[in-house]
Amino acid sequence: MLDLGNRYEVRIPATRAVAERSEVEVSEHRLRVRMADSSGGTSENIFDFSDAIETENVRALLSEGALQIILPRKRGRRIDVE
């Protein structure tokens, strides 16, 4: 897992992963990745984050033998003082 300031990035080796049978689930502080491979096996990885994640903008890409997941950090909301 990489902390890139405004986002986290997770890369998981996935040489035999099948995208249609794999799932990525994200909540504000947790990422769960369950991957199925071509031999029928499965693996699960769980990552916890100290900062909240913008769950609507998470992206996952399966290419070149790796699953790459980009998780933008949730930004604070600015409130005007009256």
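The values are calculated or read from the model by the stated rules, or taken from the named source; none is laboratory data. Please read all numbers here as calculations on a predicted model, not as lab measurements. Heads up, the Cβs are rebuilt from the backbone with ideal geometry, glycines too, and the neighbour counts pull from every protein chain shown.
Look at the stretch 13-29: where a residue is within 14 Å of residue 43 (Cα to Cα) and a partner is at pLDDT 80 or above and buried (at least 19 other Cβ atoms within 10 Å of the Cβ), sitting 6+ places away or on another chain with Cβ atoms under 7 Å, you get 14/35; 14/67; 17/35; 17/67; 22/35; 24/33; 24/69. Within the stretch 1-39, the set of residues being surrounded by 11 or more Cβ atoms within 10 Å (Cβ to Cβ), closer than 19 Å to residue 63 by Cα and over 12 Å from the mean Cα position of the chain (by Cα) comprises 13, 14, 16, 17, 18, 19, 21, 22, 35, 36, 37.
Taking the criterion of being among the aliphatic types (A, V, I, L, M), within 14 Å of residue 11 (Cα to Cα) and assigned to a strand (DSSP E or B), the residues of the stretch 52-77 that qualify are 60, 61, 62, 66, 67, 69, 70, 71. Within the stretch 34-82, the residues that satisfy the criterion of being among the β-branched types (Val, Ile, Thr) and either under 15 Å from residue 6 (Cβ atoms) or in contact with a strand residue (DSSP E or B) (Cβ under 9 Å, 6 or more places away or on another chain) (or both) are 42, 46, 53, 55, 58, 69, 70.
Residues are listed down the side, and each one gets a yes or a no for (1) at positive phi; (2) modelled with pLDDT under 95; (3) outside any strand (DSSP E or B):
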residue	(1), (2), (3)
5	yes, yes, yes
12	no, yes, no
20	no, yes, yes
32	no, no, no
43	no, yes, no
50	no, yes, yes
79	no, yes, yes
82	no, yes, yes
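For the stretch 49-74, the set of residues classified as loosely packed, with under 10 Cβ neighbours inside 10 Å and either charged (D, E, K, R) or within 18 Å of residue 24 (Cα to Cα) (or both) consists of 56, 63, 64, listed by residue number. Close Cβ contacts (under 7 Å, 6 or more residues apart or on different chains) running from residues in the stretch 36-61 that are over 16 Å from residue 23 (Cα atoms) to residues that are among the hydrophobic types (A, V, I, L, M, F, W, C) and part of a strand (DSSP E or B) comprise 53/26; 53/71. Inspect the stretch 8-19 for any residue being in contact with a Gly (Cβ under 8 Å, 6 or more places away or on another chain) and among the aliphatic types (A, V, I, L, M) and give the result as yes or no. Checked against the condition, which is being in contact with a Gly (Cβ under 8 Å, 6 or more places away or on another chain) and among the aliphatic types (A, V, I, L, M), the stretch 8-19 yields at least one hit.
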